[in-house]
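Undergrad: Just passing along the structure, written as structure tokens.
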Amino acid sequence: MKRTVRLLSVLIAALLVLTACSTAEEAGQETESEPGAPAITSEPAVVESEPSLDATETEMGAAGTSPDSLFEMAEENPQLSQLVAAIEAAGLRDEIESAGPVTIFAPNNEAFGSLNQGDLTALLADPQSLGDMLRFHVVEGNHPSSELTDGQTLTTLEGTDLTVSVDGGTISVDGAQVVQPDLEAGDSVIHIINGVLQP
């Protein structure tokens, strides 16, 4: 009887040891990563921040200027289709866009429509004269309407001067009235006028 009790005690002890080992192995397997699974580490995860805006982009956003070029702006404005066609006919697109910041006093379609058709036809047939006439509408530098003053003169790309008149809230250049000021295009500005200027 004593021998039987002793055997049972040994068996129970052996079972307890095996159970403890099995539990330890299972616990170890749970902590180890499975094949192909990412290893778990105690190091903190690194969160990559979004790239910051370039300083130039921030400044452009703050200034609120339009990214459009002068001609993209003009092409999108239905009032300026005649001017765009005239600039293309004179081959001035690249010259004006490469001139740097400029101010264009841009005749609208109604202004071109008021020209004598014979004169307009002659201009379109003579790119040199047409180019000179169009250069007379372009001034170097960005001149917003708030900086235009009565009696001010501005030298055009054609080489002669325009005279600015300010009467209350009305701005004119060489007799043509500014009907829509301050269309910003990049670092340049367009003022739409109701007449075609003649050098």
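Undergrad: How many of the residues in the range 89-124 are farther than 16 Å from LEU197 by Cα, out of contact with any helix residue (DSSP H, G or I) (no Cβ under 9 Å at 6 or more places or on another chain) and open to solvent by 50 Å² or more (accessible area, probe 1.4 Å)?
TA: Residues flagged as farther than 16 Å from LEU197 by Cα, out of contact with any helix residue (DSSP H, G or I) (no Cβ under 9 Å at 6 or more places or on another chain) and open to solvent by 50 Å² or more (accessible area, probe 1.4 Å) within the range 89-124 amount to 4.
Undergrad: Now a separate question. Would it be correct to say that ALA74 is under 24 Å from the mean Cα position of the chain (by Cα) and part of a loop (DSSP other than H, G, I, E, B)?
TA: no
Undergrad: Something else about it: So which of LEU130, LEU162 ends up being surrounded by 15 or more Cβ atoms within 10 Å (Cβ to Cβ) and not in a helix (DSSP H, G or I)? Outline the logic, then answer.
TA: Working: LEU130 fails: not in a helix (DSSP H, G or I).
None of the others qualify; the one that does is LEU162.
Undergrad: Tell me yes or no: at least one residue of the range 148-159 is open to solvent by less than 60 Å² (accessible area, probe 1.4 Å), in a loop (DSSP other than H, G, I, E, B), out of contact with any Pro (no Cβ under 9 Å at 6 or more places or on another chain) and of a type outside the set (S, T, N, Q).
TA: yes
Undergrad: Scan ALA122, ALA99 and give me the residue that is part of a helix (DSSP H, G or I), more than 16 Å from ASP182 (Cβ to Cβ) and small (Gly, Ala, Ser).
TA: Numbers: ALA99 fails: part of a helix (DSSP H, G or I).
Answer to the selection: ALA122.
Undergrad: Quick one: in the range 179-199, of everything that is open to solvent by less than 20 Å² (accessible area, probe 1.4 Å) and among the β-branched types (Val, Ile, Thr), which residue is farthest from GLY100 (Cα to Cα)? Show your work before the answer.
TA: Going residue by residue through the range 179-199, those that are open to solvent by less than 20 Å² (accessible area, probe 1.4 Å) are 185, 188-193, 195, 197.
Checking which are among the β-branched types (Val, Ile, Thr) leaves us with 189-190, 192-193.
On the way: VAL189: 11, ILE190: 14, ILE192: 19, ILE193: 22 Å.
Per the stated criteria, the residue is ILE193.
The values are calculated or read from the model by the stated rules, or taken from the named source; none is laboratory data. Keep in mind that this is a model prediction, so the values were computed, not measured. Counting neighbours? That spans all protein chains shown, and the Cβs are built from the backbone with ideal geometry, glycine included. We work out accessible area using only protein heavy atoms, side chains counted, and drop any ligands, DNA or RNA first. Shrake-Rupley method; radii C 1.70, N 1.55, O 1.52, S 1.80 Å.
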